[in-house]
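Enquirer: Below is one structure. I have some questions about it.
The values are calculated or read from the model by the stated rules, or taken from the named source; none is laboratory data. In this text the structure is predicted, and so the values were computed from the model without any measurement. Backbone-built Cβ (ideal geometry, glycine too); neighbour counts: all protein chains shown. Only protein heavy atoms, including side chains, enter the accessible area calculation; ligands, DNA and RNA are left aside. Shrake-Rupley method; radii C 1.70, N 1.55, O 1.52, S 1.80 Å.
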Amino acid sequence: MSTPTAQALAGEVENFVQTFQRIREEVSRFIVGQHEIIEDVLIAIVCGGHVLLEGVPGLGKTALVHTISQALDLKFQRIQFTPDLLPADIVGTQVLLERDGRRQLEFQPGPVFANILLADEINRATPKTQSALLETMQEKSVTVAGQSHRLELPFFVLATQNPIEQDGTFPLPEAQLDRFFFKLFVRLPNHDDFFEILNRTSSNHPPAITPVASGEDLLRMGRLLREVPVDRPVQDYLIRIVRATHPDNEDAPEMARKYVRYGASPRGAQAILAAARAKALLDGRFHVATEDVSAVVVPALRHRVLLSFEGEAEGVPTDDVIAAVLKKL
Amino acid sequence: MDQSNNDNSVAAGRVLQFIQRVRRRLNRHAFWHGLLWAWLWVSVGLVVWATVDVIRGHQVPWPVYAVAALVWAVASLALGMVWRVNDDAAAQQADRLFQLKDSLRSCRNFTQDGRRDGFYDLQAQQTARQLEDKSLDGIRFRTPRHLLWVAIGCTALAVGLAFKGPSLTLVAEEALRRATLQATDDINQELSDLIDQLELEVSDEVEKELINANQLREWVKELEATGDPREAMRQYAKLERKIEQAAQALQNRRDEQLLERAATELKKDPVNRDLADLLKQKKLDQAARELEKLKLKPREQQPGLKLTEQQKELAKLRAAAQRMANASGRDAGRQRDSRGQNSQPLAAGRDQPEMGDQGLENWPEGLPAPPPGDDGQARGEEADGEDLDGQLEELMRQLEEDLQAWEEAMEKLELADEGDQEGAEGECEACRGRVNGDLDQIGQQLRRLARQRAAQARLRGLAKKFGQAQSQAQARSGGRGQGDQPGGREAGRGTSDRQRADQDNPETKGRASRLQGLHGQGPSLTQIQAADSGTGISRRVGEAAERDFQRQFESFVEREDIPEDLKSGVKNYFLQIHQSAAPEEQP
C-alpha cells in the first residue's frame with residue numbers, strides 16, 4: 001500500500017522502463033541482434049553521455065546511430081571525419097553576409113548543432129579537429145569568435161572508429177576519451193542474426209522507424225535516474241573497483257600492476273554509478289545492487305584505463321585488466 | 001506523509017525481522033559447522049596421538065579421550081562464536097542465497113540511516129514483497145558428508161587403538177621403575193635408621209661432634225626416591241663418596257706417623273717400652289694415661305726426696321722426651337726437606353688456582369678441609385693454620401726444651417749458694433709446671449687422636465654400609481621386576497639340553513638397562529695412601545750401589561793375595577776422601 005508520492009514515483013519509474021523498452025524495440029526493428037549494444041547505447045543516452053562505438057566496417061554502427069535518432073525524434077547530424085576536416089566544419093563559422101545593403105558577419109552553425117551527432121570514423125580527423133568536439137561534449141556549447149552558442153539539449157555524440165586500418169588515423173587523446181560515457185565494441189552478428197539482417201536489408205520495404213520518445217522524455221528519464229538510491233556498501237564496492245585499476249593501489253591485481261600506466265578517473269566512477277542506476281531501474285528495482293555496478297564496469301572503464309608500454313607491447317586488452325579487478329574484488 | 005512513514009516502517013520492520021531470523025539460522029549453522037570441524041580436527045589429533053603412543057609401545061590412556069571430548073566441546077563453541085554472523089552479514093548472505101541483489105542489505109542500511117520516502121519507501125515495500133514467498137527453509141544446513149565420514153572414521157580408529165595394550169618391554173620397564181622407586185624409598189629409610197643407630201652407639205660427645213650425624217641425615221634427605229636404577233645407584237655412590245671423604249678428613253696422618261716413630265724410638269728404651277707398645281697398638285687413651293704417670297710431683301709433696309733422686313726421675317723423663325723429640329726432630333727435618341723440595345710445585349699450584357678450586361668444589365660442605373694428599377697435602381698444611389695435625393710434634397719439641405731447661409735449673413740449684421737457693425728452687429718449680437703442662441697437652445692430643453680414629457672408623461663402616469646400598473638397590477629393583485621382564489624361558493619351558501642352542505644375551509637378560517659408569521661419578525673410591533715426606537727422589541738405586549761397593553771394598557780388604565801396604569793405602573785413600581768430603585757438605 002503506497003502513498004500518493006510513492007505511487008507517483010512508481011508511475012514515473014514504470015514510465016521510464018516503458019519508454020526505454022519502446023525505444024529499444026523500435027531500434028530492434030531495424031537493427032538485428034546487438035541487444036547489449038543497443039541497451040548500452042540507450043543507457044548512455046538516458047544518462048546524458050556520449051558513446052564511442054568501435055568495430056570493423058559493415059557491422060551497422062552508423063545504422064544503429066541513425067536508427068536511434070529516428071526512434072527518438074531528435075535532430076540528427078552526421079559528420080564523416082576525414083584528415084582534411086577542419087574544426088570550423090564541425091562547430092560552424094562566421095560568414096560575411098549582405099543583408100539590407102549592409103554586410104555583416106553572421107554565425108553559421110555547424111553540424112554539431114543537433115541533438116544526436118554521429119561522428120563517423122572520428123579517429124581519421126586531426127587532433128585539432130577532434131579536440132573541437134571537446135567543448136561541445138563537455139560544455140554542451142560552442143564558442144566561435146568569442147561568442148558562445150549553447151547547444152540544444154539533449155545532445156549526444158555517438159562516435160565510431162575502426163580498429164583496423166590504422167594508417168592515416170589519429171588516436172583519440174586521453175582527455176577526449178574520458179569524455180565518452182561508454183566505449184562499446186560492435187562485434188560480428190551470429191549466424192541467425194545474419195539471416196535476419198539479409199532478409200531485412202535486401203527487401204524493397206525496409207522497416208520504417210517511427211519516433212517513440214522525445215528529447216524531453218530523455219531529459220526527464222535522466223532526472224529520475226539521479227534519485228535512485230545507492231547503499232553505502234555498493235558505493236564502496238564501486239570506488240574500490242575504480243581505485244583498483246590504478247597500479248599502485250593495494251587492491252590492484254597483478255595484471256593491473258604490470259600492464260596499467262594509469263587507472264580510471266573519478267569521471268569513470270560517475271559514469272558507472274549513473275549506468276548502474278539505469279540498470280537497476282530496468283531490472284525493476286528501486287536501489288542499485290553490486291550486480292548493476294559489475295554489469296557496466298567494463299564499457300565504462302575500458303577506454304579510461306591507460307596501458308603501460310608493456311601492456312601495449314603485449315597487446316593486453318583493457319577488458320582483461322578490468323575483469324581481473326572484478327575477480328579480485 | 002504519516003501513512004507513507006507507517007508503510008515504510010511496516011515493510012522495513014518485516015525486512016529486519018526476516019534478517020534477524022536468517023541470522024539466527026545462520027548462527028545455528030555456524031555452530032553445527034564448528035561442531036563438525038572441531039570433531040574432525042580433534043579426531044585426527046586423537047588418531048595421531050594414539051598412533052604415536054602405540055608406536056612407542058604405550059597404551060593410550062583413557063583420560064586422553066576425556067580431554068579430547070572436552071577440547072571438542074570447547075573448540076566447537078569457539079568456532080561457533082568465531083563463525084557467528086551479524087545482521088549485516090546475514091542480510092548479505094540472504095541476498096545471495098535468495099538472489100535478491102542487495103535488496104535486504106540496502107533496505108536494512110537505508111532504514112538504519114533513517115532514509116524514508118520516495119525511492120526508499122518503494123525499495124522497502126518491494127523488498128518486503130519479495131520476501132513474501134521466501135522461506136527460511138531455503139537456508140539449509142548442508143552437512144559436509146565427506147568431513148563427517150572422515151571424523152567418524154578417525155574417531156573409530158582412535159577408540160580402536162585405545163584397546164591395544166602396552167608392549168612387553170614397556171611393561172617390564174614400568175615394573176622396574178616401580179620396583180626401583182620402592183627399593184630406593186626403603187633403602188633411604190634404612191640409611192636414616194643406620195645413622196640414628198650410629199648416633200645412639202656413640203656416647204662420647206667429641207666423637208659425636210666429629211661424626212656430625214645431622215650432616216649425614218641431611219645427605220640422606222637429599223637422596224630422592226627415583227624410578228631410574230642408574231640414577232639411584234649414582235646417588236648412593238655419591239653419598240658413599242661423601243662419607244668416605246668425611247672419614248678421610250678426620251685422618252691426622254702426620255701425628256700418627258710421628259707416634260709411630262716415637263713408639264719405635266721409645267721401644268729402644270726398656271723403661272718406656274710399655275708406653276711404646278701402647279703407641280704402637282694405637283691405644284692412645286691408655287698412652288695418655290701412661291704419660292700422666294710420668295708427671296713429676298713438687299718437692300714439697302715429697303719431703304724425703306733427694307735432689308739427686310729427682311734428677312734421676314728427670315733424666316728418665318728426659319730420656320723418653322728426647323727419644324720422642326728425636327722422632328719429631330727427624331720428622332721435622334723431613335718435613336722441612338719436603339717443604340723445601342715441594343716449594344716449586346706449591347708455587348705452581350698457586351699459579352694454577354683452577355686446579356685447587358676443582359679439587360675443593362666437590363668437597364662436601366660442613367666438613368674439615370680436605371685431607372692432605374699429593375699437592376693437597378702441602379696445601380692443607382700451608383693454607384690451614386688451625387689444622388691440629390702436626391701439633392703433637394711441636395708439643396714434643398716443647399717438652400724436650402722445657403725438660404732441658406728444668407735440668408739446667410736443677411744444676412743451678414745444685415751449685416747454688418744458700419742465698420740463691422730459694423730463687424733456683426722457684427725456677428725449678430716453674431720448669432716442672434711447664435713440663436707437666438706439656439705432658440697434659442700431649443695427653444689431650446693423644447685423646448683427640450683417639451676420638452678421631454674412632455669416628456673415622458665409624459664413618460668408614462657407615463660408608464661401607466652405604467656402599468652396599470647400591471647393590472641392594474640393584475638387587476631389590478631387579479628382583480621385584482624379574483617376573484615381568486622379557487628374556488629367558490617361561491616356567492616349565494626349559495630345555496633338556498645341557499648346552500642351549502640359543503644363547504641368551506647376558507646384557508639384556510632380565511634387565512632392560514645397565515649401569516654405565518660415568519667418569520668421576522662412579523662408586524669407586526680413590527684413596528690416597530700417604531707416604532713419608534721426603535725428597536721425592538728414590539734412593540733405592542743409590543743405596544744398593546753403595547752396598548755393592550761396600551761389599552766389594554770389604555772383600556777387597558779381606559783378600560789375602562793383596563799386600564797389606566796396598567790395602568792400608570786404599571783404606572787411607574778412602575778415609576781421606578771422606579774426611580775431605582765431610583767439611584764440604586757443611587755449607
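Enquirer: Taking all protein chains as present, what is the carbon and sulfur share of the accessible area of the stretch B:139-270, in % to the nearest whole number, probe 1.4 Å?
Expert: It is 52 percent, rounded to a whole number.
Enquirer: I would also like to ask the following. Using the alpha carbon gyration tensor of the stretch B:2-162, what are the three equivalent-ellipsoid semi-axes (square root of 5 times each eigenvalue), largest first, in whole Å?
Expert: 49, 13, 9
Enquirer: OK, next. Scan around A:T245 for amide H atoms under 5 Å from its own, H built in the peptide plane at 1.01 Å from N, and keep only partners 5 or more places away or cross-chain.
Expert: Correct list: A:A264.
Enquirer: On a 25 Å Cα-Cα criterion, which of the cross-link pairs A:K128/A:K279; A:K128/A:K183; B:K282/B:K312; B:K316/B:K412; B:K295/B:K412 come out too long?
Expert: A:K128/A:K279; B:K282/B:K312
Enquirer: Tell me, in nm to one decimal, what length is gained between B:E422 and B:A69 on full extension, where the rule is 0.36 nm per residue of separation less the Cα-Cα distance?
Expert: Difference between extended and current length: 116.2 nm.
Enquirer: If one takes the accessible area of chain A alone plus chain B alone and subtracts that of the pair, with a 1.4 Å probe, what total in Å², rounded to the nearest 100, results?
Expert: Answer for the A-B pair: about 1800 Å² buried.
Enquirer: Sticking with this structure for a sec: Taking a probe of 1.4 Å, how large is the accessible area per residue of the stretch A:84-181, in Å²?
Expert: Solvent-accessible surface per residue comes out at 49 Å².
Enquirer: Roughly how many nanometres apart are two label points built 7 Å out from the Cα toward the Cβ at A:V17 and B:A544?
Expert: Between A:V17 and B:A544, the label points sit 13.1 nm apart.
Enquirer: Here is a follow-up. Want the number for B:D186 to B:K134: 0.36 nm per residue separation, take away the alpha-carbon distance, what's left?
Expert: Full-extension gain reported as 10.8 nm.
Enquirer: Can I ask one more? Please list the non-local residues whose amide H lies under 5 Å from the amide H of A:L53, H modeled 1.01 Å from N, same-chain partners needing a gap of 5 or more.
Expert: It is A:A159, A:T160, A:Q161, A:L184, by chain and number.
Enquirer: As an exercise, take the mean of 1/r over every pair of distinct alpha carbons in the stretch A:228-329, invert it, and state the Kirkwood radius in angstroms.
Expert: The Cα-based Kirkwood calculation yields 13.5 Å.
Enquirer: Once the Cβ-Cβ distance between A:F309 and B:L97 is put in as r, and R0 is 60 Å, what FRET efficiency do you end up with, to the nearest 0.05?
Expert: Plugging the Cβ-Cβ distance into 1/(1 + (r/R0)^6) gives 0.85.
Enquirer: Roughly what % antiparallel, to the nearest 5, for the DSSP beta bridges in chain A?
Expert: Among the beta bridges of chain A, antiparallel pairing accounts for roughly 40 percent.
Enquirer: With unit charges on the beta carbons (Lys and Arg positive, Asp and Glu negative) and the dipole taken about the Cα centre of chain A, which residue among A:L97, A:A213, A:A300 sits farthest to the positive side?
Expert: Result: A:L97, furthest along the dipole toward the positive end.
Enquirer: Between the stretch B:154-175 and the stretch A:8-62, what is the C-alpha centre distance in whole Å?
Expert: A separation of 78 Å, based on Cα centres.
Enquirer: On the first, second and third principal axes, largest extent first, how far apart are the outermost C-alpha atoms of chain A in Å?
Expert: If we take the Cα atoms of chain A, the spans are 70, 57, 46 Å.
Enquirer: A follow-up question, please. For a quick check: with amide H placed at 1.01 Å from N, whose amide H comes under 5 Å from A:F156's, ignoring anything fewer than 5 positions away on the same chain?
Expert: A:I116, A:L117
Enquirer: How much area per residue is accessible in the stretch A:187-329 when the probe is 1.4 Å and only protein heavy atoms are counted (Å²)?
Expert: That works out to 50 Å² for each residue.
Enquirer: Okay, next question. So how strong a dipole does chain A carry about its Cα centre when Lys and Arg Cβ are +1 and Asp and Glu Cβ are -1, to the nearest 20 debye?
Expert: 580 debye
Enquirer: If r is the Cβ-Cβ distance from A:R240 to A:E25 and R0 is 51 Å, what FRET efficiency results, to the nearest 0.05?
Expert: Efficiency computed from Cβ-Cβ geometry: 0.90.
Enquirer: So what are the ³J(HN,Hα) numbers for the stretch B:61-69, from phi and the Karplus equation (6.51, -1.76, 1.60; θ = phi - 60°), rounded to whole Hz, Gly and Pro as x?
Expert: Running phi through 6.51 cos²θ - 1.76 cosθ + 1.60 with θ = phi - 60° gives x, 4, x, 4, 5, 5, 5, 4, 5 Hz.
Enquirer: Another question, if that's okay. Round to the nearest 0.05 the FRET efficiency obtained for B:E201 and B:T51 when R0 = 56 Å and r is the Cβ-Cβ distance.
Expert: The formula returns an efficiency of 0.40 here.
Enquirer: In nanometres, what is the gap between the two model label sites at B:E429 and B:E309, each 7 Å from Cα along Cα-to-Cβ?
Expert: Modelled inter-label distance: 2.0 nm.
Enquirer: Also, I was wondering about something else. Can you give the Rg and Dmax of the stretch B:168-248 based on its C-alpha atoms, in angstrom?
Expert: 15.5, 56
Enquirer: Separate question: Net charge near B:K282, counting Lys/Arg +1 and Asp/Glu -1 over other residues with Cβ under 11 Å of its Cβ?
Expert: So the environment of B:K282 carries a net charge of -1.
Enquirer: When the accessible area of the stretch A:228-329 is computed with all protein chains present and a 1.4 Å probe, what percentage of it is carbon and sulfur?
Expert: After summing per-atom areas, the C and S share lands at 50 percent.
Enquirer: Tell me the label-point distance for the pair B:K268, A:D100, using the 7 Å Cα-to-Cβ offset, in nm and rounded to one decimal.
Expert: Placing both labels 7 Å beyond Cα along the Cβ direction yields 17.4 nm.
Enquirer: Averaged over A:228-234, how many beta carbons belonging to a partner chain fall within 10 Å of each residue's beta carbon?
Expert: 6
Enquirer: Under a point-charge model restricted to the Cβ atoms of Lys and Arg (+1) and Asp and Glu (-1), what is the dipole moment magnitude of the stretch A:228-329 relative to its Cα centre, in debye to the nearest 20?
Expert: 300 debye
Enquirer: Give a residue-ordered list of calculated ³J(HN,Hα) values for the stretch A:101-111 (Karplus: 6.51 cos²θ - 1.76 cosθ + 1.60, θ = phi - 60°; whole Hz; x for Gly, Pro).
Expert: x, 10, 9, 8, 7, 10, 6, 9, x, x, x
Enquirer: Which residues, if any, in the stretch B:97-123 lose at least 40 square angstrom of accessible heavy-atom surface (probe 1.4 Å) when the other protein chains sit next to their chain rather than the chain being alone?
Expert: The answer is B:K101, B:D102, B:F110, B:F119, B:L122 - residues whose exposure falls by at least 40 Å² when every protein chain is included.
Enquirer: What value, in deg cm²/dmol to 500, does the helix sum -39500 (n - 2.57) over DSSP H runs of n ≥ 4 give at 222 nm once divided by the residues of chain A?
Expert: -15000 deg cm²/dmol
Enquirer: Tabulate in residue order the Karplus-calculated ³J(HN,Hα) for the stretch B:154-161, using 6.51 cos²θ - 1.76 cosθ + 1.60 with θ = phi - 60°, rounded to whole Hz; enter x for Gly and Pro.
Expert: 3J(HN,Hα) across the stretch B:154-161, in whole Hz: 5, 5, 4, 5, 5, 5, x, 5.
Enquirer: What is the sum of charges around B:L100, taking Lys and Arg as +1, Asp and Glu as -1, for the other residues whose C-beta is under 14 Å from the C-beta of B:L100?
Expert: Net local charge, B:L100 excluded: 0.
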